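Colleague: Take this structure, written in structure tokens, and hold onto it; I'll ask about it next.
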Amino acid sequence: MMKIPDTYESKNTFFSSSTQTLEQLQKRVPGVGDKAIIDLINGIQINKDIVRYRKNRGWFGNLISQLDGSDHKRQILLDGNLIAGQEALSNWVLELTDSLKISQVALEITQNSLLEARDAIRNQKQRLQTQENAIIQLSEQFNQLAQQVGTRLNNLESRVRKLEVRVAANEDLDHIVTAWAAGQTYTKLPWAIQITLLAREVFSSSVIMYELETGDKDRFRQLLVNKILAHHKQLPSSFFGLGDLLDQSWATMTNDDRELTAGLLEIRSIPQQRLTNIPHLFVIGTTLELAILPEEVRPNKPAQSAIHLCRHQIDSISRTTDAREFITTIVEETANDCLAIISNFSN
């Protein structure tokens with residue numbers, strides 16, 4: 001068997017090694033195969049042209065080429081062309097690999113930057129959410145505090161208002177009762193008439209505003225009753241007839257005082273609905289109105305006639321009473337009537 005020259009074996013080994021390297025690059029970079037084929041085709045085309053030229057020459061042409069060295073030059077050109085093609089292919093693959101590495105590094109850096117930016121955005125979002133929650137909690141706490149402060153202020157204002165009204169009522173009551181006890185008001189009138197007019201004056205003052213705003217209907221009513229009882233030491237200590245008391249009262253009054261008192265009470269101008277709540281005041285007022293009639297038409301006992309009218313038109317009332325009961329009844333009826341009047345105006 002013919003032995004293959006060493007030169008052929010070394011070339012075959014070179015090409016086998018190059019083929020293995022190219023296959024590895026092809027696995028790493030799929031586009032290397034296409035580029036290598038193109039470069040090899042270009043190199044083969046050039047080599048074919050050179051070989052075709054050498055075949056077309058005759059024996060004489062070959063001899064001349066060997067003598068002048070042109071054939072050796074063409075062989076060197078052919079080998080150089082092959083080497084240049086392989087070097088170009090190798091450099092392109094290396095450049096492509098480096099570019100891929102650089103791109104991969106850039107992508108890695110970009111990815112890391114994006115991840116860091118995402119984490120920063122998430123952290124900022126969490127901080128903003130935390131701040132928003134804190135602001136909401138502060139707002140709720142502020143609203144609760146404002147409500148508490150508002151409630152306390154309202155309570156304080158209410159307490160101050162009640163205190164002001166009570167002080168004003170106390171001052172008015174003291175002033176009115178003191179003037180009456182000193183004999184400056186309602187002079188020369190019988191005590192039953194004095195009490196009636198005194199109660200109306202008291203509950204036409206700040207005392208009625210106190211009852212209206214506080215709803216306390218006991219404080220000043222009881223205080224007035226006690227003050228009247230404390231002042232009048234000579235009041236009847238036992239039961240007496242209501243008609244007898246009123247007939248004795250109008251009989252001691254002058255005609256002017258009767259007319260004045262009857263005009264102040266104005267019983268006949270009061271609506272029926274109000275009269276049902278003030279039967280004793282109706283009897284007193286009616287007694288005075290009957291008493292000022294001319295003698296020829298005036299009843300013998302105006303108070304008894306007034307009680308009879310009250311029993312038939314207003315309400316049934318007792319014909320007998322005592323000093324405390326009479327005073328308490330007059331104070332209660334007067335206070336309730338004044339309170340009803342001012343309540344209607346307030347509404």
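Colleague: Filter segment 201-217 down to residues that are charged (D, E, K, R) and either within 14 Å of S343 (Cβ to Cβ) or at pLDDT 95 or above (or both) and give me whichever is least open to solvent (accessible area, probe 1.4 Å).
Modeller: Filtering first and then ranking leaves E211.
Colleague: Sticking with this one: Since I292 meets every condition but one in (1) more than 23 Å from H232 (Cα to Cα); (2) within 60 Å of the chain's Cα centre (by Cα), which condition does it not meet?
Modeller: (2)
Colleague: Still on this structure, please answer the following. For segment 237-285, enumerate the residues that are of a type in the set (A, V, I, L, M, F, W, C) and touching a Cys at 6+ places or on another chain (Cβ under 6 Å).
Modeller: F282, V283
Colleague: Name the one entry in E140, E157, E116 that is over 31 Å from the mean Cα position of the chain (by Cα), loosely packed, with under 12 Cβ neighbours inside 10 Å and charged (D, E, K, R).
Modeller: So the residue among E140, E157, E116 that is over 31 Å from the mean Cα position of the chain (by Cα), loosely packed, with under 12 Cβ neighbours inside 10 Å and charged (D, E, K, R) is E116.
Colleague: What pairs can you find where one residue is in segment 274-293 and without any contact (Cβ under 8 Å) to a residue 24 or more places away in the chain and assigned to a helix (DSSP H, G or I), the other is among the basic types (K, R) and open to solvent by 10 Å² or more (accessible area, probe 1.4 Å), and their Cβ atoms are less than 7 Å apart, with a gap of 6+ or different chains?
Modeller: If the second residue must be among the basic types (K, R) and open to solvent by 10 Å² or more (accessible area, probe 1.4 Å), the pairs left are L290/R298.
Colleague: So, one more: Can you name every residue in segment 294-315 that is part of a helix (DSSP H, G or I) and basic (K, R)?
Modeller: Result: R311, single match.
Colleague: Next question, about the same structure. For segment 311-331, name all the residues that are buried (at least 18 other Cβ atoms within 10 Å of the Cβ) and touching a residue at least 60 places away in the same chain (Cβ under 8 Å).
Modeller: T321, A323, F326, I327, T328, I330, V331 - these are the residues of segment 311-331 that are buried (at least 18 other Cβ atoms within 10 Å of the Cβ) and touching a residue at least 60 places away in the same chain (Cβ under 8 Å).
Colleague: Only one of I278, I307, I327 is within 28 Å of F239 (Cα to Cα), in contact with a Ser or Thr (Cβ under 8 Å, 6 or more places away or on another chain) and not small (G, A, S); which?
Modeller: Answer to the check: I278.
Colleague: Could you tell me whether any residue of segment 181-189 is of a type outside the set (A, V, I, L, M, F, W, C), surrounded by 15 or more Cβ atoms within 10 Å (Cβ to Cβ) and modelled with pLDDT of 90 or more?
Modeller: Yes, that holds for at least one residue.
Colleague: Related question: Considering only segment 254-269, I want to know if a residue exists there that is assigned to a helix (DSSP H, G or I), open to solvent by 50 Å² or more (accessible area, probe 1.4 Å) and either aliphatic (A, V, I, L, M) or within 19 Å of I208 (Cβ to Cβ) (or both).
Modeller: Yes, segment 254-269 contains a residue that is assigned to a helix (DSSP H, G or I), open to solvent by 50 Å² or more (accessible area, probe 1.4 Å) and either aliphatic (A, V, I, L, M) or within 19 Å of I208 (Cβ to Cβ) (or both).
Colleague: Also, quick follow-up: Consider T321 carefully, then state whether it is modelled with pLDDT of 95 or more, touching a strand residue (DSSP E or B) at 6+ places or on another chain (Cβ under 8 Å) and closer than 29 Å to E211 by Cβ.
Modeller: When the stated conditions are applied, T321 does not pass them.
The values are calculated or read from the model by the stated rules, or taken from the named source; none is laboratory data. What you are looking at is a predicted structure, and each value in this text was computed from that prediction instead of being measured. Note that we place each Cβ from the backbone using ideal geometry, even for glycine, and neighbour counts take in every protein chain shown. When the accessible area is computed, the model is the full protein with side chains, heavy atoms only, and any ligands, DNA or RNA have been set aside. Shrake-Rupley method; radii C 1.70, N 1.55, O 1.52, S 1.80 Å.
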